[in-house]
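See structure below.
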Amino acid sequence: PFEIALIMAMITAANADGHIGPEEQRTIFDQVGQLSLDAEDKAFVFDTLGNPPTLQDIASLASGPEQAAEIYLASRLVIDPDHPAEVAYLEALASRLSLPPELVAHLESQAAQVA
């Protein structure tokens, strides 16, 4: 399910600086808790935490601009916007997802409102 793709995107974004911090883990676990995942899907999520996918893997999960925007937003919500490696990851993700700058700016303002 696409929900799993969003969780994978969050894990990869959180790991952009080389580790997933406690705050990032909490955000991911909160998100997983809101989904009705079966045991197999939850096990997959925990395996993914230990071995995050690449940016290219994440970008390839989007089929269409709506899913691309959702993947970007999910990734943005989990990162620290003041961490250079995580900001660079988001910029690369936006590029790989072919998101227009106006849409990225809109998603950024949405993320700021959530935070």
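List of remarks:
- Residue list for the stretch 65-79, restricted to those being more than 9 Å from the chain's Cα centre (by Cα) and open to solvent by 70 Å² or more (accessible area, probe 1.4 Å): Pro65, Glu66
- Any hit, the stretch 89-97, residues being under 21 Å from Gly18 (Cα atoms), at pLDDT below 95 and out of contact with any His (no Cβ under 6 Å at 6 or more places or on another chain): no
- Total residues in the stretch 77-115, condition part of a helix (DSSP H, G or I), touching a residue at least 12 places away in the same chain (Cβ under 8 Å) and not aromatic (Phe, Trp, Tyr): 17
- If you go through the stretch 80-115 and keep only what is within 14 Å of the chain's Cα centre (by Cα) and of a type in the set (D, E, K, R), you end up with Asp80, Glu86, Glu91, Arg96, Glu108.
- Among the candidates Ala43, Ala62, residue that is touching a helix residue (DSSP H, G or I) at 6+ places or on another chain (Cβ under 7 Å) and open to solvent by 20 Å² or more (accessible area, probe 1.4 Å): Ala62
- Looking across Leu37, Leu49, one residue alone is assigned to a loop (DSSP other than H, G, I, E, B) and surrounded by 11 or more Cβ atoms within 10 Å (Cβ to Cβ). It is Leu37.
The values are calculated or read from the model by the stated rules, or taken from the named source; none is laboratory data. Values in this document were obtained by computation on a predicted structure and should not be read as measured data. FYI the Cβ positions are ideal-geometry reconstructions off the backbone, even for glycines, and counts take in every protein chain you see. These area figures cover heavy atoms from the full protein model, side chains too; ligands, DNA and RNA do not enter into them. Shrake-Rupley method; radii C 1.70, N 1.55, O 1.52, S 1.80 Å.
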